Amino acid sequence: MKNYNLNQQYVRDFAVENAIEAHHVNVSYGEHQSIFDVSLSFPRFKVTAMIGASGSGKSTFLRSINRMNDNVATVDGDIMYRDVNINDDKINVYELRKHIGMVFQRPNPFAKSIRENITFALKKHGIKDKKELDQRVETSLKEAALWDEVKDKLDESALSLSGGQAQRLCIARAIAMKPDVLLLDEPASALDPISTSKIEDTLNRLKEKYTIIIVTHNMQQASRMSDYTAFFHQGHLIEFNKTSHIFTRPKMQATEDYISGNFG
Amino acid sequence: MEINKKILMPSKETRQERFGRTLSFISISAIVVLVALILYFIISKGISTFTDNHVNLWDFISRQDWSPSTIGKDGKPEVGALPMIVTSFSVTFLSALLATPFAIAAGIYMTVIGPKKSRGFLQTVIELLVGIPSVVYGFIGLTIIVPIVRTLFGGTGFGILSATLVLFVMVLPTITSLTVDSLNAVPKHLSEASLALGATRWQTIYKVILRSATPGILTAIIFGMARAFGEALAVQMVIGNAILMPKNLITPSSTLTSQLTTGIGNTVMGTLGNNALWSLALVLLLMSLFFNILVKLIGKRGKF
Amino acid sequence: MNPKVVNKIATGVIYGLVILVVAILAALIGYILVTGVPHISWHFLTSPAQSFLAGGGIRDQLFNSIYLLVLTLIISFPIALGAGIYLAEYAPKNWFTEIIKTTIEVLSSLPSVVVGLFCYLLFVVQMRMGFSILSGAIALTFFNLPLLTRNIETSLESVSSLQREAGLSLGLSQWKTITGIILPAAVPGIITGIILSAGRVFGEAAALIYTAGQSAPFVDYTNWNIFSDTSFLNPLRPAETLAVHIWKVNSEGITPDANAISSGSSAVLIIVILLFNIFAHWIGNRLYKKMTSSK
């Protein structure tokens, strides 16, 4: 692998409203540090893609945003969300995760019915009204473009769904919470091309209502879907810019090599 | 309420979490406390023979006369536990010695040489052997093994040999299932390499598979011995229950467990006779701890 | 010697030993069933035991065994559940957890007679519970806890960690994620474990001789007042179980038809335990299928 100067970076600052601003974030698993001093802001109601080779730290960084690294890794630095530093011991992580939802790489529906997959968390958060629950099930499944396929079998096991359907169910489950920010950790990497394009369509429709942060190693996906792109390499943020700029006029050698496939 | 206020305040989930953690921690603590209580009570009762009744510890483990209510020639009560200790160890070692070849053979059959279907069948057989209660083993020992031993070797039929035969069947499933685990843990590429070099199947089993599974098999044997050492009723039913130094394998004798089973009901709490029995229980407890430590040591060293 | 010949001999020896093991089991089960089943009759199952006369039954012993089993599960399951959840979900990787795990291993390897004697000392004598079903159930709880805890722990651990992430990412507390998502997914394994442990509890005798006692006094099966001395439900009455009964009629030898009673009782014990085993596998598979596939 080529050696790049990891301390050089090109991070453009946009004068827009940001949903989340990370300042000097370091993450380590025990002795092993996997994120080095990353400062990065995510514009509100936009799609930001984080790209990079596997092991570049992009997923680790994503998981720090809704505190999924608690008990797993040590996260230092400030992550500002609505003027609160959410990387603080005093933060109520359960409340935080209601507003910053997450969809994972592998579809992980609960071993429950399709309906319960969506209503389970809602009920636990105090929504008892049957009508309201039904409404949320329908709206979220429609937003996730799954409604037509499952509306007649809402009470069947979610484990009977195909991989692509299950992943869209997980998206529906996340947006039924009416979150502010949606984190997606390579949501289509375990799926076939047809399911992938359905997921992308779904996400394209969602970006009007949510701030979306998506980790992907698929560059076409990043260029098709996102407004902004951040390129990570070996735990360092190398470049952040508008997606169109990143893919046409990258400023850093590492970025250029990565997107042109001359990497490693 | 504003989101930025909400995420700074405890919520229902915070309370649930505290509740759940506390509840599960109480459960696990209860178990730890129970074990501590067992250790405390058995140890404090077990040493009272030596602290309250001033029996000499060395006499206890080296003398052969057990009759706590009578005073011996030297003016001290007769609390020599040696016959029971010897008998307990004899039945334990002999039954483990007898069961090990069977367990290893069954283990090899279930992991290497047996056809798929009959492996599962043997697995079921082993599980069923575990499931048979010890009194049933004792009853069968009493009605089949004791008469056979009596016919073949004379005497009453009660004794170490009968107990060994009963325990053999009882520890067999324990040793077998753990042996199977350790044989399964041997990396496949080792045996494949050996076969590729032209070794016969038996050479591969003997020189490669068994050798690298040795620590696991030793652990299996120790678990089997622990079970044999602590087994009470099945042994008590066929051992004869005479507190005599075993002269051979076919005279009636008594193990620590069998003496405990028969004795506790016939002695008065607080007397030397009763305390002495608790000392036997203490020996059992210490041996059980010793077996545990042995297993840990083997686990740590991994290979011999 | 020629390695090929050795190979043949060794294989032969292994087959021989395996056949012997199977033969031993077949002989055991066969003997128990052949000698025992003829003694099992409606009369045998429903009449009280006799001490000095032939023709006694096992009604009370059978009921006591079942009642004791139920009580034991009621006491041990909640503790084992909490402990299993702690070990599988909360326990940090440190020396303290190591101590806890070692403690449970020690408990599981303690001879049941030692556990029985401890319970005799603490509960029967010091806490004045006397020889009673309750003392027996506590003794069996000790015996059952390590097995059940480990079973629950492994059942929970076998549920994919993806499910935990899913629950947490929806803002659920870890506790609700465990009880609402992980635990239901682990139910088939847990149920199988409970039934298998029930089989072991059902056949246990050494821990009961000095806790539940060796006598089965007269009880009235129509008296539902659990505080009444004659009520069959009174947890403070002595209760000889089926397994203890087998031991007692054999070691005291005053019952004229001890052999017949033992054979019959052994057969009943074995049949019940076999049924437990079959049922455990059946229900485990069924629940698993029900949960993972659509209707």
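Values in this text are rule-based calculations from the coordinates and carry no lab data. Everything numeric here is computed off the predicted structure, so don't read it as measured data. All Cβ positions, even for glycine, are placed from backbone atoms using ideal geometry, and neighbour counts span all protein chains on display.
What longest region of chain A stays clear of GluC sites (Glu not before Pro) that DSSP places outside H, G, I, E and B and that have at most 13 other Cβ atoms within 10 Å? That would be A:32-207. Only beta bridges with both residues in the protein assembly as shown are counted; by DSSP, about 55 percent of them are antiparallel. With contributions of -39500 (n - 2.57) from each DSSP H run of at least four residues, the per-residue ellipticity at 222 nm computed over chain A stands at -10000 deg cm²/dmol.
Approximating the spin labels as points 7 Å out from Cα along Cα→Cβ, the C:Leu236-to-C:Thr102 distance works out to 4.1 nm. Estimated purely from DSSP H runs of n ≥ 4, each contributing -39500 (n - 2.57), the mean residue ellipticity at 222 nm for chain B is -22000 deg cm²/dmol once divided by its residues.
Would segment B:108-224 count as rounded, prolate or oblate if I go by the C-alpha gyration tensor, calling it rounded below 1.5 in a/c and otherwise prolate when a/b exceeds b/c, oblate otherwise?
Details: a/c = 2.74, a/b = 2.32, b/c = 1.18.
Here segment B:108-224 falls in the prolate category.
Over chain C, with a Gaussian network built from C-alpha contacts below 10 Å, which listed residue (C:Ile182, C:Ile254, C:Ile246) shows the highest mean-square fluctuation? Fluctuation is largest for C:Ile254. Shape verdict for chain B, please, from the Cα gyration tensor: rounded (a/c under 1.5), prolate (a/b greater than b/c) or oblate. The shape class here is oblate. How would chain A be classified by its alpha-carbon gyration tensor: rounded, prolate or oblate, with rounded meaning a/c under 1.5 and the a/b versus b/c comparison settling the rest? It comes out prolate by the Cα gyration axes. When chain B is treated as a Gaussian network with alpha carbon springs shorter than 10 Å, the biggest mean-square fluctuation among B:Ser29, B:Ser258, B:Ser67 belongs to B:Ser29. Bridgeable aspartates and glutamates around B:Lys117 (alpha carbons under 20 Å apart, same-chain partners fewer than 8 residues away excluded): B:Glu127, B:Asp181. Find how many whole Å separate the alpha carbon centroid of segment A:204-264 from the alpha carbon centroid of segment C:90-117. Result: 52 Å between the Cα centres.
Within segment B:194-279, report the trypsin sites (Lys or Arg not before Pro) that DSSP leaves as loop and that have at most 15 other Cβ atoms within 10 Å.
Numbers: sites: B:Arg201, B:Lys207, B:Arg211, B:Arg227, B:Lys247; in loops: B:Lys247.
Of the trypsin sites (Lys or Arg not before Pro), the ones in loops of segment B:194-279 whose Cβ has at most 15 other Cβ atoms within 10 Å are B:Lys247.
Computed over Cα pairs, the Kirkwood radius of the protein assembly as shown leads via Stokes-Einstein (1.567 mPa s, 4 °C) to a diffusion coefficient of 41 µm² per second.
Number of Lys-Lys pairs in segment C:40-292 with C-alpha atoms under 29 Å apart and a separation of 8 or more places or on different chains: 5.
Just checking the output field for C:87-100: average partner chain Cβ neighbours within 10 Å of each residue's Cβ? Could you put the intermediate results ahead of the total?
Details: counts 3, 1, 3, 6, 3, 1, 0, 0, 0, 1, 1, 0, 1, 5.
The mean count of partner-chain Cβ atoms within 10 Å per residue comes to 2.
Largest GNM mean-square fluctuation across B:Thr124, B:Thr179, B:Thr92, computed for chain B with C-alpha springs under 10 Å, falls on B:Thr124. Long hydrophobic helices in chain C, taken as whole DSSP H segments with a C-alpha length of 24 Å or more on their own axis and mean Kyte-Doolittle hydropathy at least -0.5: C:3-36, C:59-85, C:133-157, C:183-203, C:258-292.
Determine which residues of segment B:80-98 fall in the zone a paramagnetic label at B:Asn56 would reach in this model, i.e. backbone nitrogen under 20 Å from the point 7 Å along Cα→Cβ. Residues passing the 20 Å test: B:80-86.
Screening chain B for DSSP H helices whose Cα atoms reach 18 Å or more along their own axis and whose mean Kyte hydropathy is at least 1.0 gives B:82-108, B:160-184, B:210-230, B:272-301.
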